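Throughout, read-outs are computed from the coordinates displayed, never taken from laboratory work. A quick note: this is a predicted structure, and the numbers were derived from the prediction, not measured. Cβ atoms come from the backbone with ideal geometry, glycine included; neighbour counts cover every protein chain shown.
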Amino acid sequence: MLHVSIVISLLLVALTESLPTALDESDLMNECLYFSHITVEELQAQMNISSSEEDLENLDRKYKCFAHCLVARANLLDSRGRVDVVKIDELEPLTDEHRQALENCKRAHDDEPDNCEYAFSMFLCLSDYLEASDEVDEEQEKDNDLNE
């Protein structure tokens, strides 16, 4: 099960690591909350709800648009409104693993015509890759411990 809080937290961490220094992430978040018609209390309540991946896909549209607002206002999208891997890499150098995850998710979701659905689908895809990567890392650590 995924928590909405994990999804939103990962997005915020990714953004705060790659935001231009002139842009205060709290201003960005507050601006996107305003434009998405979400209160801080609603966001916090949503973050505390445990949700299955299916529930996340059916999340209220305003939260999906919030995700789009964050990546758009952080200037992480290209002229077509799609995640710009080169721009992200320039702001915060990507590992090969993260670059590959971004490219795989882009291949899977760049044809989505709805910007809010696109941003949230990309985020779910990336969180799935990161989750799978963490599981592999944990397995490798266990194997290393057994071999010592």
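A compact table of results
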| read-out | value |
| --- | --- |
| Local electrostatic count, residue 83, Cβ distance below 9 Å [Lys/Arg +1, Asp/Glu -1] | 0 |
| Linear extension gain, residue 108 paired with residue 92, 0.36 nm per residue minus alpha-carbon span | 3.5 nm |
| In nm, spacing of pseudo-spin labels at residue 27 and residue 48 (7 Å Cα→C-beta vector) | 3.0 |
| Amide proton proximity set for residue 77, modelled H, under 5 Å, gap of 5+ | 84 |
| Highest average packing first - 96-109, 116-129, Cβ atoms within 10 Å | 116-129, 96-109 |
| Summed residue charge, Cβ within 14 Å of residue 111's Cβ, Lys/Arg positive, Asp/Glu negative | 0 |
